[in-house]
């Protein structure tokens with residue numbers, strides 16, 4: 001009798017080993033994609049991510065990583081891409097992120113990636129589509145924060161949304177309201193609140209401080225803007241894009257001195 005449970009255990013181990021190995025392989029590949037994206041190696045990350053989608057069409061982590069890489073490629077390589085290619089990447093990213101939230105409506109990263117892709121699309125030429133994407137970005141950021149009120153990059157993204165929409169001229173806003181159903185209302189003070197919360201949670205992020213400084217510039221709060229921009233110039237670069245952000249801060253400071 002003792003042999004039977006042992007035999008059963010061996011059979012189960014043999015039958016489940018391939019599935020476990022396959023899952024480990026997938027997790028390893030996803031980690032590799034994330035690492036490549038974080039290093040700015042977007043083409044390599046995309047080459048790993050895209051072939052996986054056919055075999056794992058409902059894997060939320062894969063869908064969100066794919067969306068992140070596509071949006072990052074469109075944003076950080078914009079100087080070398082045609083507008084249509086940027087749009088193509090962001091539409092694909094938004095499709096993947098929407099699929100992720102269909103699979104799991106409580107998955108915060110899905111909402112965040114949808115917001116990122118829609119927000120990037122709203123900054124590209126597109127008429128009525130631009131307005132619709134702008135609204136979708138705000139809603140997706142808010143859905144992400146409903147899932148996780150401390151999601152740092154959703155706080156940051158919604159803050160940027162408020163500042164950018166607050167800066168839209170009145171005539172353009174009126175046209176958007178009449179023709180396309182409206183942009184929504186942006187507020188620089190709300191942007192400051194959201195950036196400040198993101199900084200409280202993640203004080204070492206150069207991007208948070210730079211964007212808060214830019215918001216103070218919009219508000220003509222010159223001393224507060226200068227303090228944030230000077231802080232950026234003193235902060236150590238940690239991410240691949242941080243040096244570019246520090247250059248931007250220095251350029252803005254030069255403008256403040258004139």
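Laboratory data are not the source of any read-out in this text; all were calculated from the coordinates shown. These numbers come from a predicted model, not from an experiment. Glycine also receives a Cβ, built like all others from the backbone with ideal geometry; neighbour counts cover every protein chain displayed.
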Within the set 241, 133, 107, GNM on the chain using Cα springs under 10 Å gives the largest fluctuation to 241
With a 10 Å Cβ neighbour count serving as the proxy for reagent exposure, in which order, fewest first, do 151, 56, 209 appear?
-> 56, 151, 209
Comparing 29, 71, 130, which has the greatest mean-square fluctuation in the GNM of the chain with Cα pairs linked when under 10 Å apart?
-> 29
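For the stretch 66-152, what's the relative contact order in percent, using C-alpha pairs closer than 8 Å and at least 6 residues apart?
Across the stretch 66-152, relative contact order equals 27 percent.
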Rounded to the nearest 10 degrees, the helix 188-201 long axis (Cα) sits at an angle to the longest Cα principal axis of the chain of 40 degrees
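Please order 161, 222 by the number of other Cβ within 10 Å, starting at the fewest. If you can, show how the numbers build up before the last one.
Details: 161 25, 222 11.
Listed from fewest to most nearby Cβ atoms, that is 222, 161.
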Inverting the mean 1/r over all pairs of different Cα atoms, compute the Kirkwood radius of the chain and quote it in Å.
-> 20.2 Å
The simple spin-label model distance between residue 79 and residue 58, using points 7 Å out along Cα→Cβ, in nm, is 4.4 nm
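How would 138, 220, 214 line up from fewest to most surrounding beta-carbon atoms within 10 angstrom?
Values: 138 23, 220 9, 214 19.
Fewest-to-most Cβ neighbours within 10 Å comes out as 220, 214, 138.
Can you give the relative contact order of the chain as a percent, counting alpha carbon pairs under 8 Å and 6+ residues apart? Let's see the in-between values first.
Values: 321 pairs, mean separation 28.2, N = 258.
Relative contact order for the chain comes out at 11 percent.
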Shape call for the stretch 95-159 from the C-alpha gyration tensor, a ≥ b ≥ c root eigenvalues: rounded (a/c under 1.5), prolate (a/b greater than b/c) or oblate?
-> oblate
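Once fully extended, how much extra length lies between residue 47 and residue 218, figured as 0.36 nm per residue of separation less the alpha-carbon to alpha-carbon distance? Before the final figure, lay out each step's value.
Details: separation 171, 0.36 × 171 = 61.56 nm, distance 3.98 nm.
Result for the pair: 57.6 nm of gain on full extension.
Assuming a ≥ b ≥ c are the square roots of the Cα gyration tensor eigenvalues, decide whether the stretch 129-229 counts as rounded (a/c under 1.5), prolate (otherwise, with a/b larger than b/c) or oblate. Before the final figure, lay out each step's value.
On the way: a/c = 3.04, a/b = 1.34, b/c = 2.27.
Taking the square roots of the gyration eigenvalues as a ≥ b ≥ c, the stretch 129-229 is oblate.
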For the stretch 55-120, what is the largest minus smallest coordinate of the Cα atoms on each principal axis, given in angstrom and ordered from greatest to least?
-> 35, 25, 15
Where is the GNM fluctuation largest for the chain (alpha-carbon springs, 10 angstrom cutoff): 33, 83, 206?
-> 83
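Once every DSSP H run of n ≥ 4 in the chain is given -39500 (n - 2.57) and the sum is divided by its residues, what mean residue ellipticity at 222 nm do you get, rounded to the nearest 500 deg cm²/dmol? Can you show the working numbers first?
Working: 12 runs with 198 residues, N = 258.
Calculated at 222 nm, the ellipticity per residue is -25500 deg cm²/dmol.
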What full-extension length gain, to one decimal in nm, is calculated for residue 124 and residue 196 as 0.36 nm per residue of separation minus the Cα-Cα distance?
-> 23.2 nm
How many nm is it between the label spots at residue 27 and residue 230, if each spot is 7 Å from the Cα in line with the beta carbon?
-> 4.8 nm
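Could you tell me whether the stretch 64-188 comes out rounded, prolate or oblate from its Cα gyration tensor? Rule is a ≥ b ≥ c as square roots of the eigenvalues, rounded for a/c under 1.5, then prolate if a/b exceeds b/c, otherwise oblate. Spell out each step's value before the answer.
Working: a/c = 1.73, a/b = 1.18, b/c = 1.46.
Note, shape of the stretch 64-188 comes out oblate.
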